[in-house]
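Working notes, beginning with the structure itself.
The values are calculated or read from the model by the stated rules, or taken from the named source; none is laboratory data. Quick caveat: nothing in here was measured; it's all calculated off a predicted structure. Note that we place each Cβ from the backbone using ideal geometry, even for glycine, and neighbour counts take in every protein chain shown.
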Amino acid sequence: MSEFVRVIANRLREFVSNRRRVTRYPARVAAVVVLKEQSTNLHRSDPGRPASLKGYTRDFSATGLALVMPAIRIGERYLTSEGQTLLITLTLPAGPLQLHAVATRYEHLDGDEGERGYLIGVHIAAMAEPDRALLNQFIRTIRKNKP
């Protein structure tokens, strides 16, 4: 039942209102997501290298991004679980950056627009100042190139 409610809420958001207060700019760059470890006793097959999920961005803002990912789980853990922090690495033209984010919404993409998987909206929770500067510069660049 909760999946049904989430789908209806997403559709209402499309038609009734857009809660975003910050302009988003479309841009596609590679993204790798790792679940930030909540516990030191979490079992992994390779303890030296955390499991990750590769996808790409759909759009950017200074406070969040939209990711297109092939799945919403890494192993048995959901990227979209309440309180789950994501460690995201983005490969920008000027270099890679890392940020911590929390998923705010997601929806299944059925491939109608050529995209498959899941669209995951994330709010940026934290990032290092050099990475913040790199992200802001990237947003300025794509804003200038926006038609």
Would you point out which residue out of ARG24, ARG44, ARG13 is modelled with pLDDT under 95, over 14 Å from the mean Cα position of the chain (by Cα) and closer than 29 Å to ASN136 by Cβ? ARG13
Quick check: anything in the stretch 62-70 out of contact with any Leu (no Cβ under 6 Å at 6 or more places or on another chain), more than 15 Å from ALA30 (Cα to Cα), touching a residue at least 40 places away in the same chain (Cβ under 8 Å) and buried (at least 17 other Cβ atoms within 10 Å of the Cβ)? yes
Residue hits (the stretch 48-68; under 12 Å from VAL122 (Cα atoms), of a type outside the set (Gly, Ala, Ser) and not in a loop (DSSP other than H, G, I, E, B)) are THR57, ARG58, ASP59, PHE60, LEU65, LEU67, VAL68
Quick check on my filter: what residues within the stretch 86-132 are in contact with a strand residue (DSSP E or B) (Cβ under 6 Å, 6 or more places away or on another chain), assigned to a loop (DSSP other than H, G, I, E, B) and at pLDDT below 95? GLU115
Checked the stretch 71-82 for anything small (Gly, Ala, Ser) and in contact (Cβ under 8 Å) with a residue 24 or more places away in the chain; matches are ALA71, GLY75
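What about LEU53, is it touching a Pro at 6+ places or on another chain (Cβ under 9 Å), modelled with pLDDT of 90 or more, closer than 27 Å to PRO130 by Cβ and of a type in the set (A, V, I, L, M, F, W, C)?
yes
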Tally the residues that are of a type in the set (Val, Ile, Thr) and out of contact with any strand residue (DSSP E or B) (no Cβ under 8 Å at 6 or more places or on another chain), restricting the search to the stretch 65-85. 0
